[in-house]
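Nothing in this text is a laboratory measurement; each read-out follows from the coordinates by a stated rule. Predicted, not measured: the structure shown is a model, and the values here were computed from it. With ideal geometry, Cβ positions are generated from the backbone for all residues, glycine too; neighbour counts draw on all protein chains shown.
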Amino acid sequence: MFKQFAGRQRRQRLLTLIAMLPLGLANCAHPLIQSGATVQQHMQQVTVPAANTVFAVAGTEPKDDNEWATVKTHALALENSGAWLLAYPAQIDQQRWQEAAGNMRDAAKKAAIAADAKDADSVISAGNTLYEACESCHAVYLTQPASRSR
Ligand code: HEC
């Protein structure tokens, strides 16, 4: 129970970060995030929209087949996103990067299976694991470039 509550609070922080995205885009001097190309674009275009849909199940349960299908599609996109990150040549802490990306991919797959079964509790639980993976990678990489090649 407490764990779930804590998970919700941490997720709230990430959702705040997501909500701040347009600000970050408008203001190049964003203090938290260094400018960068590939991973940042991938986050904005693929990871964030897909994660939003999966995380949203914790607030509002999908109400029909269509909505469940949307959650499943986005969870699968997130699984692909995890695989994409896994293949990305990260610097600094390669082991953490791969662990976080792999955990993200696996948790997203669980969320897709749960969405297929229309099992909201399991989607939420996979979403919590997913969130841990986002945060684990960001703890190292949000303030540092993901690759020296940029
Ligand atoms: C394996 C590492 C990794 C994982 C896992 C990861 N991210 Fe990221 N994320 C990054 C990096 C690196 C950046 C910073 C990119 C940059 O600015 O160059 C970033 C940036 C972001 C940003 C800020 C984008 C911007 O406009 O600057 C958001 C929002 C974000 N991630 C959301 C997520 C969510 C949601 C998840 C989990 C579903 C997630 N990330 C999982 C590596 C990761």
Original post:
How many of the residues in segment 38-73 are within 20 Å of His138 (Cβ to Cβ) and in contact with a Ser or Thr (Cβ under 9 Å, 6 or more places away or on another chain)?
Top reply: 9
Original post:
Using beta carbons and a limit of 7 Å, which pairs, at least six apart or on different chains, have the first residue in segment 70-93 and closer than 19 Å to Val57 by Cβ and the second one basic (Lys, Arg)?
Top reply: Glu79/Arg105; Glu79/Lys109; Gly82/Arg105
Subject >> Enumeration of residues in segment 75-119 that are more than 8 Å from the ligand (Cβ to nearest atom), in a helix (DSSP H, G or I) and among the aliphatic types (A, V, I, L, M) >> reply: Ala75, Leu76, Ala77, Ala83, Ala87, Ala107, Ala111, Ala112, Ile113, Ala114, Ala115
Original post:
Are any residues in segment 43-68 away from the ligand (no atom under 15 Å from the Cβ) and either surrounded by 14 or more Cβ atoms within 10 Å (Cβ to Cβ) or of a type outside the set (Gly, Ala, Ser) (or both), and if so, which ones?
Top reply: Thr60, Glu61, Pro62, Lys63, Asp64, Asp65, Asn66, Glu67, Trp68
